[in-house]
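Quick notes on the structure that follows.
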């Protein structure tokens with residue numbers, strides 16, 4: 001009996017293998033058909049015995065109720081329906097819910113990171129074999145250039161109820177997404193529309209070179225807003241731009257631009273390194289000159305202050321004794337001036353005086 005019950009549980013509890021799509025469980029008539037085949041004949045009970053029908057009904061009821069037992073793994077959640085109406089979302093563990101056709105149990109993996117490829121398809125990813133999809137990759141930038149942008153979207157199922165019931169979708173067979181799951185065509189359209197919008201608002205140089213990270217963050221933020229508005233139950237985890245290239249016809253010209261930009265950056269780096277080396281030296285020399293000027297200024301100020309103080313003292317003495325001070329000043333000036341000039345001594349006698357050569361000074365006349 002236990003083996004029969006376990007087989008029924010495994011057969012009748014719906015667990016989506018990859019796409020998490022909804023399927024109807026077997027009807028009660030199908031269940032009775034299966035059970036009638038497996039029920040052994042009971043000795044002493046003929047085909048017309050009332051006990052046989054009662055036993056069959058009791059066994060069928062027990063097995064039908066037991067088939068409502070289901071288990072939810074730690075990385076899963078179960079969505080319960082009764083007569084087609086949503087009832088609850090259960091957490092991991094061993095649980096029971098009405099089996100079909102009364103109830104339905106949909107188990108969804110909520111921690112699994114899923115992947116969507118835009119602009120290409122990975123045929124053999126480990127071998128590095130990919131198939132390009134130009135219809136998805138070709139985009140127009142804000143400065144009216146064409147680029148081929150490929151991206152990988154990583155996402156999870158955050159709300160199983162919304163994921164299963166709020167959005168209808170035709171699915172994508174090449175990714176194994178069945179009909180009714182919003183991570184099929186719906187998510188692809190959201191990704192393509194958002195990426196085209198962000199790329200169309202930027203120049204081609206930004207997308208090809210320095211602004212890839214900013215583009216990824218903008219696409220991620222916008223996709224989260226749209227998924228929340230659509231109530232898809234999908235949480236986009238990461239947006240990764242893969243190959244962002246110009247069309248093949250102008251590939252060489254763009255590569256020349258990239259090389260020229262790299263040369264520009266290299267020259268700028270050399271200039272900045274030279275600046276970092278020379279600027280401290282110039283600042284040191286400037287500081288040295290400033291300190292010397294400050295010292296000279298301080299010395300001149302002290303000399304000027306001393307001369308001014310001396311002049312004031314001299315003025316005081318002059319006011320007290322003008323004649324004596326005037327005479328002393330005159331004598332001091334003569335004493336300072338005469339040693340620096342040639343002196344001529346003229347006698348009052350009519351006879352000329354002989355000349356004496358004493359070094360460079362001439363005494364008597366010249």
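For region 254-320, treating each Cα as an identical point scatterer without solvent, what Debye log10 I(q)/I(0) comes out at q = 0.16, 0.22, 0.23, 0.27 1/Å? With one equal scatterer per Cα and no solvent, log10 I(q)/I(0) is -0.75, -0.91, -0.94, -1.03.
Available extension along the chain between residue 314 and residue 295 is 4.0 nm, counting 0.36 nm per residue and deducting the alpha carbon span. Here the simple spin-label model places points 7 Å from the Cα toward Cβ, and for residue 267 and residue 193 these points are separated by 4.6 nm.
Determine, from the Cβ-Cβ distance of residue 210 and residue 96 and an R0 of 51 Å, the FRET efficiency 1/(1 + (r/R0)^6), rounded to the nearest 0.05.
On the way: r = 57 Å, r/R0 = 1.13.
That pair, residue 210 with residue 96, gives E of 0.35.
Note on residue 338 and residue 55: their simple-model spin labels are 16.2 nm apart, each label 7 Å out from Cα toward Cβ.
Quick one: grab the alpha carbon gyration tensor of region 202-317, order the square roots of its eigenvalues as a ≥ b ≥ c, and give me rounded if a/c is under 1.5, else prolate or oblate depending on whether a/b is larger than b/c. Cα axes put region 202-317 in the prolate bin. A Förster radius of 30 Å, combined with the Cβ-Cβ distance separating residue 89 from residue 225, puts the computed FRET efficiency at roughly 0.80. In terms of other Cβ atoms within 10 Å, 87, 239 run from fewest to most in the order 87, 239.
Centre-to-centre separation between the Cα atoms of region 225-254 and those of region 188-210: 7 Å. Annotation for residue 129 and residue 325: the two label points, set 7 Å from Cα along the Cα-Cβ direction, are 11.5 nm apart.
Only the coordinates and a few stated rules stand behind these numbers; no lab work does. Since this is a predicted model, take the numbers as computed values, not measurements. Note that each Cβ is placed from the backbone with ideal geometry, even for glycine, and that neighbours are counted across all protein chains shown.
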